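Just below is one structure, and these are the notes that go with it.
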Amino acid sequence: MTLFEKLEEASAYIKKQRDVRPQVGVILGSGLGAFVDQIQDKVTLAYDDIPHFKQTTVEGHEGRLILGKIGNVEVAVMQGRYHAYEGHHTDQVVFPVRLLARLGIDSIILTNASGGVNESYKAGDLVMITDHINLSGQNPLVGPNIAELGPRFPDMTKAYDPKLQEILMSQAKTQGVDLKKGVYAGVLGPTYETPAEVRMIRILGGDLVGMSTVPESIAANHLGLSVAGVSCVTNMAAGIENVKLQHSDIKEQALKVMQKFSSLLVESIKIIGNPQ
Ligand code: HPA
């Protein structure tokens, strides 16, 4: 079965559960799952039940697709994502993005927990991703191009849509959220970086470092979606502060910013789904 046929099967299954075209997709990062409480008229589907999905394995990531509304905007929210470091092929990592596109979204908000590389950041900061650097050594578009999805050589000049960035910044301002801006460096993981790697990333122009988002952003750009990225700085990257990095602390920090993160997303989605 081709990838395209798998996407068709999965989307047919989802449309049977709720036959409404979602406008905005969201992928939730580590510890940011509570955002789903903001969705109304919810239909929740376990990844297990969706054809061609696999269960996710990381602690702090649940495997659910939630369809519903935020205000009058139809949304499709992935609670739990696939990471390449789990051993998933990049096709699997970006399957949710491609499926959301198949369901009809125009815009996608990618969220994550990351390490702060820019020394002006602190744990708990929210950062809008303005661009990325792919340090993973992987690209989900390697292999024969699937022409039904997008072009062979996608343009990445505006990988993070300037209009969506404007909406996020203006909503942050309205809500008094200090939303920073930064370049996200995507690594493979699963080890956290060494202090030397963090210094390298800073020299290269990275402000944040994390193990997700980049493949999804690439696949979303290939599909022609408008992409936004919001990162929660859960810790300063290795070597900046004299502490050991632990996933449990990172999850805990993400939980602390949940409220401002949620309200920023909710209000931005209402604007994104109702363009003037
Ligand atoms: N490095 C990589 N990924 C991360 C980090 C980090 O310091 N924090 C949260 N995700």
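Given H placed on each backbone N at 1.01 Å, which residues far from VAL26 in sequence or on other chains put an amide H within less than 5 Å of it?
Long-range HN contacts for VAL26: ALA76, VAL77, MET78, ILE109.
Give, in nm to one decimal, the length gained when the segment between ASN134 and LYS181 is fully stretched (0.36 nm per residue of separation minus the Cα-Cα distance).
Gain on stretching ASN134 to LYS181: 15.2 nm.
Relative contact order for the chain: what percent, with Cα pairs under 8 Å and sequence separation of 6 or more?
After rounding, I find 26 percent.
Ratio of alpha-carbon Rg to the 2.2 N^0.38 Å globular estimate for the range 105-227, to two decimals, please.
My calculation over the Cα atoms of the range 105-227 gives 1.10.
From Cα pairs below 8 angstrom and at least 6 apart in sequence, can you work out the relative contact order of the range 20-119, rounded to a whole percent?
41 percent
Which entries of LYS180/LYS256; LYS122/LYS163; LYS6/LYS42 have Cα-Cα distances beyond 20 Å here?
From the list (LYS180/LYS256; LYS122/LYS163; LYS6/LYS42), the Cα-Cα distance tops 20 Å for LYS122/LYS163; LYS6/LYS42.
Which residue, VAL214, VAL73, VAL24, has the most motion in a Gaussian network model of the chain that connects Cα atoms within less than 10 Å?
For the chain, modelled as a Gaussian network with Cα springs under 10 Å, the answer is VAL73.
Please compute the per residue accessible area over the chain with all protein chains in place, 1.4 Å probe, rounded to a whole number of Å².
Value returned for the chain: 43 Å² of accessible area per residue.
With the crude spin-label approximation of a point 7 Å out along Cα→Cβ, what separation in nm comes out for ASP49 versus GLN246?
For ASP49 paired with GLN246, the spin-label model returns 3.6 nm.
Quick check: net charge around GLY116, other residues with Cβ under 11 Å of its Cβ, Lys/Arg +1 and Asp/Glu -1?
So the environment of GLY116 carries a net charge of -1.
Do me a favour and compute the ellipsoid semi-axes for the chain from its Cα gyration tensor, root of five times each eigenvalue, largest one first, whole Å.
Working through the eigenvalues yields semi-axes of 27, 21, 18 Å.
Amide H to amide H, which residues 5 or more places from LEU32 or on other chains are under 5 Å from it, using H placed in the peptide plane?
Sorted by chain and number, the residues that satisfy this come to none at all.
Are there any trypsin sites (Lys or Arg not before Pro) in the range 138-183 that are in a DSSP loop and have at most 14 other Cβ atoms within 10 Å? List them by number.
ARG152, LYS158
Hand me the trypsin sites (Lys or Arg not before Pro) from the range 198-251 located in a DSSP loop with no more than 14 other Cβ atoms within 10 Å, in residue order please.
Those satisfying the criteria are LYS244.
Which whole-number percentage describes the relative contact order of the range 123-276, with Cα contacts under 8 Å and a sequence gap of 6 or more?
37 percent
Antiparallel versus total DSSP beta bridges in the chain: what percent is that, nearest 5?
So the antiparallel bridges amount to about 35 percent of the total.
With the dipole of the chain worked out from charges on the C-beta (+1 for Lys and Arg, -1 for Asp and Glu) around the Cα centre, which of LEU141, SER170, GLY25 lies farthest toward the positive end?
It is SER170, whose Cα lies furthest towards the positive end.
Could you work out the helix-only [θ] at 222 nm for the chain, with each DSSP H run of four or more residues adding -39,500 (n - 2.57) and the total divided by the number of residues, to the nearest 500 deg cm²/dmol?
Calculated from helices alone, the mean residue ellipticity at 222 nm is -9500 deg cm²/dmol.
The values are calculated or read from the model by the stated rules, or taken from the named source; none is laboratory data. What you see is a predicted model; the values in this text were computed from it and never measured. Using ideal geometry, Cβ is built from the backbone for each residue, glycine included, and neighbour counts are taken over all protein chains shown. Only protein heavy atoms, including side chains, enter the accessible area calculation; ligands, DNA and RNA are left aside. Shrake-Rupley method; radii C 1.70, N 1.55, O 1.52, S 1.80 Å.
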